[in-house]
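The values are calculated or read from the model by the stated rules, or taken from the named source; none is laboratory data. Just so it is clear, the structure is predicted and the values come from calculations on it, not from any experiment. Glycine also receives a Cβ, built like all others from the backbone with ideal geometry; neighbour counts cover every protein chain displayed.
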Amino acid sequence: MGLDTSAHPVDEALFRERLVPFVKDGKPIDDLIAQAARMAVASSRAATWRFAAQNFSWKVREAQEAVVPTVTERYTEPARSQSFFERVFGVKAPMQEKTFTRPERVPGLPAVDNDLTSFGRPFFMPVDGTERVLALYARYLEAAQGGEASVDAIAREMVAEVGANALNFPAGTRPAVIEATKALLPFDKRILPERTAEGGPALTVAQHERRLKRETEMWRFIFLNRASDKPLPDEFRDPNEDRVPAPAREYVRNLPLQMAGFAAALMPGWMSRGYGFASSLFDKIGVQAPRIFETPEPLFRDLVKDAPEMRAVLNTTIVENFILGGYVPPQKMEAFVDLLAKHERAMVLAFHKGPAPTPEETKGLAEDYIKILEPATYALKNGYGYLEAAEIYSGPLGWAN
């Protein structure tokens, strides 16, 4: 299974003063559950806008490809499998040339980037520039308390901006491509938030509250029965799971990830895939940052004292699925962001092979770096920490931010 990673601004006070006391001592968090439910509705609504934009961007690309010539690509491959003796003596099988045709490459809709806009930033933010993105992020957080209508107002601004920039094509773009794109304007009539039939109707705030209430009560049950063989009660079990329920003690190690997921429901993080997360990129380019990254144990210290098995999912980097990775506490955020700025180009090109990329190629390679820099900068500006995680979100599994 591939890694579905994420980067999160983290409010230490939320964990230490609210979530940990709730799990340990039962102190109420009803206000947080209500807030997280409203945020879930807002995030879901924003996601329908960004996926509508993504689907429309594919239609734009199809329209552009329909008016450009085809090009022929040539490649070689073995004409047959190696024989036994060829393998033994290291003799390559004969090669043959093959070809395929494809439409000439087209610019598409640059403002709507599949990796950055659709499965990267939270909400719907098809804009450039860290300051601009973070100002929008703050607006969405505030708009979440006003419901879907408030989210829609911001999303319509984003659609208008995508339309305004639709014809900012690279020099040399074919006139036919420009005309094909113009024919699809205005975008505000074409990019509309729609849920698929498979997705079903959006959950209401009340439904999200019930879900979150059940999930957080399950934390309490697991922690209180951490040394017990008592199985999870039926109200906490997945109705689609028919196996015999495991004892509560087997779920204890996963509590930090579940709690971090709840925190992300209040303050959504940035999605990524593979090894493009900060601690991995620093390691890839040979930058030693041991004093920057810690394990996230400080967020859960009072729980870990009683349940040391939680340490299994608390690391200084992401080493497997369904764990928390490197944590940067608030007092180290300035040094962290400075390190990101200092090594920007090396981090952007960390996995690039071959000749130096063009500016356009570099922009595409920068997506993983951007998805680190933006949440890190937001955390620094607001006195928060920064946390890496695996499988809080997952595009393939349908868990979007």
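A few comments on the model shown:
- All helices (runs of 4 or more DSSP H) inside the range 227-321 with 3 or more residues being closer than 30 Å to Met347 by Cβ: 255-266, 278-284
- None of Ala53, Ala93 is in contact (Cβ under 8 Å) with a residue 12 or more places away in the chain, in contact with a helix residue (DSSP H, G or I) (Cβ under 8 Å, 6 or more places away or on another chain), crowded, with 18+ Cβ neighbours inside 10 Å and not aromatic (Phe, Trp, Tyr) except Ala53.
- Test: residue in the range 113-120 that is modelled with pLDDT of 95 or more, among the aromatic types (Phe, Trp, Tyr) and surrounded by 19 or more Cβ atoms within 10 Å (Cβ to Cβ): no
- Among the residues making up the range 322-334, those that are surrounded by 14 or more Cβ atoms within 10 Å (Cβ to Cβ), free of Cβ contacts under 8 Å to residues at least 60 places away in the same chain and part of a helix (DSSP H, G or I) are Lys332, Met333.
- Subset tally (residues that are surrounded by fewer than 16 Cβ atoms within 10 Å (Cβ to Cβ), part of a helix (DSSP H, G or I) and not charged (D, E, K, R)) for the range 158-177: 4
- Qualifying residue in the range 204-222 (condition: modelled with pLDDT of 85 or more, exposed (fewer than 12 other Cβ atoms within 10 Å of the Cβ), in the same structural domain as Asp152 (by TED's automatic domain parsing) and touching a Lys or Arg at 6+ places or on another chain (Cβ under 9 Å)): no
- Looking only at the range 266-284, and only at residues there that are surrounded by fewer than 23 Cβ atoms within 10 Å (Cβ to Cβ) and touching a Leu at 6+ places or on another chain (Cβ under 8 Å), the one that is farthest from Asp115 (Cα to Cα): Leu266
Here's the yes/no breakdown for (1) touching a Leu at 6+ places or on another chain (Cβ under 6 Å); (2) of a type in the set (D, E, K, R); (3) modelled with pLDDT of 95 or more:
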position	(1), (2), (3)
Met1	no, no, no
His8	yes, no, yes
Glu12	no, yes, yes
Leu19	no, no, yes
Gly26	no, no, yes
Asp30	no, yes, yes
Glu73	no, yes, no
Phe89	no, no, no
Met95	no, no, no
